[in-house]
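Novice: After the structure tokens below, expect a handful of questions from me.
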Amino acid sequence: MDERTRCAELVRCAWGDSAPEYVAYHDEEWGTPLHGDDALFERLCLEAFQSGLSWLTILRKRPAFRAAFAGFSIDAVAQFGPDDEARLLADAGIVRNRAKVAAAIGNARAAQRVPEGLSALLWSFAPTAPRPRPATLADVPATSPESTAMARGLKRRGFVFVGPTTAYALMQATGMVDDHVATCFRAS
């Protein structure tokens, strides 16, 4: 059996089969533990840019986002000034939302001020107690007490565009929580 046939026969979370980009994202990234300040900064920024849009839009624009935001290097983005902001707002390859662009730059500066590092800070909010695996997508929450605490903690440190729903999506995407449904091949 070739790889394409094997992938087509796998049972995924329902959203994971709806577009080719989703198949790859679901199978290779979503729910996989991710560490590293710059890697988590990228996910934090992309989740904020996604707010109000389809995640598929962000996935399709991710290469352009990475190019526009210096690979999401916290130190590089923190140095962005007015010319960079104008460049980003003129870049049709990304989501051109002034508040979200400003948030990404401001959040890079806030991340620089986190003594323990962004990765350690974000992972400190990951739940430690076992959770029941969702049976269906309807059982997957949009927020949690941990994501609410994460959002509050980030806001206290000067981060913006990080509400409880965005924080929970970040937790799902980076493996802090595992919300693959019970029938999904990725359910551990």
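Novice: With (1) open to solvent by 20 Å² or more (accessible area, probe 1.4 Å); (2) closer than 30 Å to SER188 by Cα as the list, and GLY117 as the residue in question, which single condition is left unmet?
Specialist: Status for GLY117: all satisfied but (1).
Novice: I've got another one for you. Show the residue pairs that are 6+ apart or on different chains and have beta-carbon atoms under 6 Å apart, the first residue being within segment 69-89 and under 13 Å from VAL101 (Cβ atoms) and part of a helix (DSSP H, G or I), the second being small (Gly, Ala, Ser) and open to solvent by less than 40 Å² (accessible area, probe 1.4 Å).
Specialist: These pairs meet every condition: VAL77/ALA108; LEU88/ALA68.
Novice: Of everything in segment 38-60 that's of a type in the set (D, E, K, R) and within 17 Å of THR166 (Cβ to Cβ), which residue is most open to solvent (accessible area, probe 1.4 Å)?
Specialist: ARG43
Novice: Pairs please, first residue from segment 1-29 and at pLDDT 90 or above, second anywhere and of a type in the set (A, V, I, L, M) and not in a helix (DSSP H, G or I), Cβ atoms under 8 Å, 6+ apart in sequence or on different chains.
Specialist: As it stands, the answer is CYS13/VAL181; ALA14/VAL181; ASP27/LEU10, since those pairs meet every condition given.
Novice: Cβ contacts < 6 Å: first residue more than 13 Å from MET176 (Cβ to Cβ), restricted to segment 125-145; second residue open to solvent by 40 Å² or more (accessible area, probe 1.4 Å) and in a loop (DSSP other than H, G, I, E, B), any location; separation 6+ or different chain. Result?
Specialist: Short answer, once both residue conditions are applied: ARG133/ALA182; ALA135/ALA182.
Novice: Let me ask another. Would you mention how many residues in segment 100-119 are in contact (Cβ under 8 Å) with a residue 60 or more places away in the chain and on the phi < 0 side of the Ramachandran plot?
Specialist: Matching residues across segment 100-119 total 6.
Novice: A further question follows. What number of residues in segment 120-166 are hydrophobic (A, V, I, L, M, F, W, C) and either under 24 Å from ALA187 (Cβ atoms) or in contact with a Ser or Thr (Cβ under 6 Å, 6 or more places away or on another chain) (or both)?
Specialist: 11
The values are calculated or read from the model by the stated rules, or taken from the named source; none is laboratory data. Since we're looking at a predicted model, the values are computed, not measured. Because the Cβ atoms are built from the backbone with ideal geometry, glycine has one as well, and the counts that use them run over all protein chains shown. Just the protein is used for accessible areas: all its heavy atoms, side chains included, with ligands, DNA and RNA removed. Shrake-Rupley method; radii C 1.70, N 1.55, O 1.52, S 1.80 Å.
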